[in-house]
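Just so you know, all these numbers are worked out from the coordinates, no wet-lab data involved. Being a predicted model, the structure only gives us computed values, none of them experimental. Don't worry about glycine lacking a Cβ; one is built from the backbone with ideal geometry, like all the others, and counts go over all protein chains shown.
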Amino acid sequence: MKKHIITIGKTQVSAFLGGLVDWALLIFLTDYCHVFYTFSIIIAGFVGAVINFTINRYWSFKATNEQKRIQASKFFIMVLGSIFFKSTGTTLLTQNTRLNYKISKLLMDFIVSFGFNFPLQKYWIFRK
């Protein structure tokens with residue numbers, strides 16, 4: 001149980017660091033480059049995912065036994081789903097509730113991170 005809690009903590013640090021880059025790039029693209037936020041989420045999501053994958057592989061899960069290519073392929077599939085849920089959810093939430101896209105994105109990040117990304121990473125991508 002203690003090991004599981006530590007792993008969750010590490011994955012959240014990893015998600016935070018990847019998310020910080022994701023968030024900064026989202027704001028930059030949307031507010032300064034005038035890219036529609038749905039597209040900014042997609043672009044920023046892929047950049048944040050590379051950071052998240054690297055940290056999780058070497059630190060959070062210490063899962064260097066399996067070939068990087070196999071893990072990266074699985075991670076890419078998860079990222080496609082994650083970005084789909086985040087971009088679609090943020091767009092729907094923003095348009096239907098009139099929330100600022102930044103608040104909608106934070107809510108979707110939380111839901112997708114715990115409900116989709118973590119289980120796939122722990123039990124499929126980086127399982128030992």
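Worth a mention:
- Evaluating 6.51 cos²θ - 1.76 cosθ + 1.60 at θ = phi - 60° for every residue in region 28-36, the Karplus couplings come out as 4, 5, 6, 7, 10, 9, 6, 7, 4 Hz, glycine and proline recorded as x.
- Ranking 16, 72, 41 by how far each Cα lies toward the positive end of the dipole of region 2-125 (charges on Cβ) leaves 72 at the top.
- Given charges at beta-carbon only (K, R positive; D, E negative), |dipole| of the chain in Debye: 620 debye
- Overall Cα dimensions of the chain, principal axis frame, Å, largest first: 44, 28, 20
- Each label was represented as a point 7 Å from its Cα along the Cα-to-Cβ direction; for residue 24 and residue 127 these points are 3.5 nm apart.
- Given charges at beta-carbon only (K, R positive; D, E negative), |dipole| of region 1-73 in Debye: 520 debye
- Modelled FRET efficiency - R0 30 Å, residue 102 with residue 6, Cβ distances, 0.05 increments: 0.45
- Using θ = phi - 60° in the Karplus curve 6.51 cos²θ - 1.76 cosθ + 1.60, the 3J(HN,Hα) couplings for region 116-126 round to 10, 5, 4, x, 5, 5, 5, 9, 10, 6, 10 Hz; x is entered for Gly and Pro.
- What the phi angles of region 77-83 give under the Karplus curve with 6.51, -1.76 and 1.60, with θ = phi - 60°, is a coupling list of 4, 4, 4, 4, x, 4, 5 Hz, glycine and proline written as x.
- Across the cross-link table entries 2/105; 86/128; 62/128; 62/86; 68/128; 10/105, which are compared at the Cα atoms, the separations over 20 Å belong to 2/105; 86/128; 62/86; 10/105.
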